[in-house]
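A.B. asks: First the structure, then my questions, so here it is.
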Amino acid sequence: MHICFLSQEFPRKGASHGGIGTFLATFTRSLINRGHQVTVVGVTGSKFEDQMMDGVRVVNFPGSKAQLIAWWRNYQRVDDFLTTLHKEHPIDIVEGSELTLAFLNKKKGIKYVIRLHGGHHFFAEGEKRKVNKWKAYQEKKSFSKADAFIAVSNYVKTHTEKFLSYHSRPIEVINYPINLDKFYPSNPKKVKPFRLVFAGTVCEKKGIRQLMQAIPSIASDFPDVHLEVFGRDWMFPNGKSFIEFLKETMPKVALEKTTFHGPVAHDELPGHYEQAAICIFPSHMETQGLVAPEAMSMEKVVVFSKTGPGPETISHGVDGWLCDPHSPEDISKTVREAFSKVDEFEKIGKAARKKVISKFETEMVTDKNLAFYQKLIAKK
């Protein structure tokens, strides 16, 4: 098969990237290893690129600077490229996220798939903000053009369909693949006692504010606790840094027991997780989130959110813990409960990796995706 992904997030070596980039890196490598042809095309930055990266052809068009019609020019560049590519190397599947199909012209012989990574409607609901009419229109138009859908969790499937129709077309829940070799079983001797590790963008929706508010009460029972934060800063619309906001508003004890390290390359995360007593991700809203299962794959004790896909990922008290991400009190209670059962960490960590293997193992996930693609291609 020739599979073409529409995304500007394919990761460059040594650079930090988000969940979609991690998904693309893991999944495309698995597809290449199976003998499939993979192209990734996106629009970002100021220069044209066309290069092979680990067997994947990655094409990037610079964003148009035309006033008012830049969005149209960008779509046209991608559409023209797909037309040429399809003539030279016939494409079986074009896959993108929620918005990407809106203004593409569908081509004969290609099946179009939307993978639900979390679109505008989904996050607007989760963050309790108004829906942008232009983005909403694009999502609806994009969904109308899809031949099928893949949801990365049952949660994103059910919540997206509150706002957007799947038009009675095929939809399947297929989890993200996790690289079990990169996120290896960690060495317990490398753990720093009472170290909490958070990875993700330092912003409100990732729950970092409530986590820091929980630190003083955690420290009252476990005075050696320290929070290590790995992730890029987020900026308010007025340009103010979220980290600076936290430094101005958080309790003194929380600031003394928190270190902001800035963004790190994805390849560096396993080393930081390995030193954690607990990896903690109290995100307000996720479609699935990779950080929790990646840390679980390392046999780490993970505290994740009980909202969203958390209960699909962790069985509370069995292979990790779940907390209310909006409540500093509940975050504190959950972390203190976990630390009180440190003698069970090895058992819980092993159960966590077992859970990840059963849900996120790359070869199994690749098999599910290929079976879905093949069924779609066979459908006239």
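The values are calculated or read from the model by the stated rules, or taken from the named source; none is laboratory data. Bear in mind that the values here come from a model prediction, so they are computed numbers and not experimental data. Here Cβ is always computed from backbone atoms with ideal geometry, including for glycine, and neighbour counts include all displayed protein chains.
A.B. asks: Taking Thr83, is it crowded, with 19+ Cβ neighbours inside 10 Å, closer than 19 Å to Ala146 by Cα and assigned by TED's automatic domain parsing to the domain that holds Gln374?
C.D. replies: no
A.B. asks: Hey, among the residues in the range 300-346 that are of a type in the set (Asp, Glu) and under 22 Å from Leu290 (Cβ atoms), which one's surrounded by the fewest Cβ atoms within 10 Å (Cβ to Cβ)?
C.D. replies: Out of the qualifying residues, it is Glu312.
A.B. asks: If I go through the range 142-167 residue by residue, how many of them are more than 20 Å from Ile93 (Cβ to Cβ) and not hydrophobic (A, V, I, L, M, F, W, C)?
C.D. replies: 9
A.B. asks: Report yes if some residue within the range 63-71 is in contact (Cβ under 8 Å) with a residue 60 or more places away in the chain and either surrounded by fewer than 17 Cβ atoms within 10 Å (Cβ to Cβ) or over 28 Å from Val202 (Cβ atoms) (or both); otherwise report no.
C.D. replies: Checked against the condition, which is being in contact (Cβ under 8 Å) with a residue 60 or more places away in the chain and either surrounded by fewer than 17 Cβ atoms within 10 Å (Cβ to Cβ) or over 28 Å from Val202 (Cβ atoms) (or both), the range 63-71 yields no hits at all.
A.B. asks: Looking at the range 18-130, what helices (runs of 4 or more DSSP H) fall wholly within it and have at least 3 residues that are more than 26 Å from Ala292 (Cβ to Cβ) and out of contact with any strand residue (DSSP E or B) (no Cβ under 9 Å at 6 or more places or on another chain)?
C.D. replies: The helices (runs of 4 or more DSSP H) meeting that bar are 70-88.
A.B. asks: In addition: Restricting to the range 30-57, name every residue that is within 25 Å of Arg232 (Cβ to Cβ) and surrounded by fewer than 19 Cβ atoms within 10 Å (Cβ to Cβ).
C.D. replies: Result: Thr44, Gly45, Ser46, Lys47, Glu49, Gln51, Met53, Asp54.
A.B. asks: Out of the range 212-242, which residues are touching a residue at least 24 places away in the same chain (Cβ under 8 Å) and among the hydrophobic types (A, V, I, L, M, F, W, C)?
C.D. replies: Met212, Ala214, Ile215, Ile218, Ala219, Phe222, Val225, Leu227, Val229, Phe230, Trp234, Phe242
A.B. asks: Quick check: anything in the range 233-255 in contact with a helix residue (DSSP H, G or I) (Cβ under 8 Å, 6 or more places away or on another chain), of a type in the set (Val, Ile, Thr) and surrounded by 15 or more Cβ atoms within 10 Å (Cβ to Cβ)?
C.D. replies: Yes: one or more hits.
A.B. asks: Now, a different point. Does Ser153 fit the bill of being of a type outside the set (Lys, Arg), crowded, with 17+ Cβ neighbours inside 10 Å and either under 19 Å from Asn105 (Cβ atoms) or outside the structural domain of Ala295 (by TED's automatic domain parsing) (or both)?
C.D. replies: So Ser153 passes the test.
A.B. asks: Something else now. Every residue in the range 97-150 that is on the phi > 0 side of the Ramachandran plot and surrounded by fewer than 19 Cβ atoms within 10 Å (Cβ to Cβ), please.
C.D. replies: Correct list: Gly109, Lys128.
A.B. asks: Now for a different question. Across the range 139-196, which residue is nearest to Glu256 (Cα to Cα) among those that are among the aromatic types (Phe, Trp, Tyr) and outside any loop (DSSP other than H, G, I, E, B)?
C.D. replies: Selected residue: Tyr155.
A.B. asks: Considering (1) in contact with a Pro (Cβ under 9 Å, 6 or more places away or on another chain); (2) free of Cβ contacts under 8 Å to residues at least 24 places away in the same chain, say which one Gly271 fails and leave the rest.
C.D. replies: (1)
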